[in-house]
1. Right, P11: within 20 Å of V140 (Cβ to Cβ), surrounded by 13 or more Cβ atoms within 10 Å (Cβ to Cβ) and in contact (Cβ under 8 Å) with a residue 12 or more places away in the chain or not?
2. Considering G66, G86, which residue is in the same structural domain as V118 (by TED's automatic domain parsing) and without any contact (Cβ under 8 Å) to a residue 12 or more places away in the chain?
3. Can you find a residue that is assigned to a strand (DSSP E or B) and more than 15 Å from the chain's Cα centre (by Cα) anywhere in the stretch 46-56?
4. Would you check which residues across the stretch 89-122 are in a loop (DSSP other than H, G, I, E, B), farther than 18 Å from L149 by Cα and touching a residue at least 24 places away in the same chain (Cβ under 8 Å) and list them?
5. Does V128 satisfy the criteria of being part of a strand (DSSP E or B), in the same structural domain as P20 (by TED's automatic domain parsing), in contact (Cβ under 8 Å) with a residue 40 or more places away in the chain and surrounded by 14 or more Cβ atoms within 10 Å (Cβ to Cβ)?
Amino acid sequence: MTLHSTSDSSPIFKDGRLKPGIYKIQNIFTEAFLDIEVHSRNVCCRPAQNLREGRGLWEIKQFGAGYTVQRVEPGKPEQFCTPSDGVNSGTTLRVAAYPVAWRVEMAEDEHHRGFEYVRFYWATGKIVWDPSSGSNYDGVPVQTYPEALNNAWQVWSLVPVKVEDPFMPPRPSRETVESGSLPSYEGDSEQSSTRAQHTESEHDELGTVVNEVTVVTTTVTTRKRYRVEDA
């Protein structure tokens, strides 16, 4: 277990406030990471060996006096961590499209003081995140329970992750460009256009043209499909 000591060059805190950013969120008791159950959308914890590559990333952003905790997944940006049904003892967290505010505060109780560990509190009161009282099986749900000081399973470590754009494929590095090992882009692209022009005329009873209008019709069709593969 890696302990993150508090210092002036803190990677996650500035002036006593959490720095917004993208993190992996690890429970310090079970050492499992925050993730979700795909079908139920419930928030859960998974051991590192069961965490799929690219999963377990969460963006924490300021939201009023608190923070939102949003799952990072390309193509699905609105997955905010929120209570499933009120905030009570045993309420399971899930991801949903609407944001709610959490307080993220440094754990200052006896066993955790001096390390950059945090608790996630509901906006008001002392209700905190709790992975089923420290159960460590794969997929254990994260629930809300009253704060219990010195209970390590209610305390979390935040591991900063550098992601240029969490919802888009990463751009190739300079080394990749110089080596010629660029990602491959495969697919097809189609673009077509048509332009038609004709004249419409109005005549009187004697067949004399009294009004003439030139009508131009333009049609453009564009279709593009591609797939990105790593080099």
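The values are calculated or read from the model by the stated rules, or taken from the named source; none is laboratory data. Being a predicted model, the structure only gives us computed values, none of them experimental. With ideal geometry, Cβ positions are generated from the backbone for all residues, glycine too; neighbour counts draw on all protein chains shown.
1. Details: within 20 Å of V140 (Cβ to Cβ): no; surrounded by 13 or more Cβ atoms within 10 Å (Cβ to Cβ): yes; in contact (Cβ under 8 Å) with a residue 12 or more places away in the chain: yes.
In short, no.
2. Numbers: G66 fails: without any contact (Cβ under 8 Å) to a residue 12 or more places away in the chain.
Going through G66, G86 in turn, just one is in the same structural domain as V118 (by TED's automatic domain parsing) and without any contact (Cβ under 8 Å) to a residue 12 or more places away in the chain: G86.
3. Step one: of the stretch 46-56, the residues assigned to a strand (DSSP E or B) are 46.
Filter once more, keeping what is more than 15 Å from the chain's Cα centre (by Cα): 46.
Yes, some residue in the stretch 46-56 is assigned to a strand (DSSP E or B) and more than 15 Å from the chain's Cα centre (by Cα).
4. So the first thing to find is which residues in the stretch 89-122 are in a loop (DSSP other than H, G, I, E, B), and the list is 89-90, 97-101, 107-114, 116.
Right, trim to farther than 18 Å from L149 by Cα and you get 97-101.
Passing the criteria: P99, V100, A101.
5. Details: part of a strand (DSSP E or B): yes; in the same structural domain as P20 (by TED's automatic domain parsing): yes; in contact (Cβ under 8 Å) with a residue 40 or more places away in the chain: no; surrounded by 14 or more Cβ atoms within 10 Å (Cβ to Cβ): yes.
The answer is no for V128.
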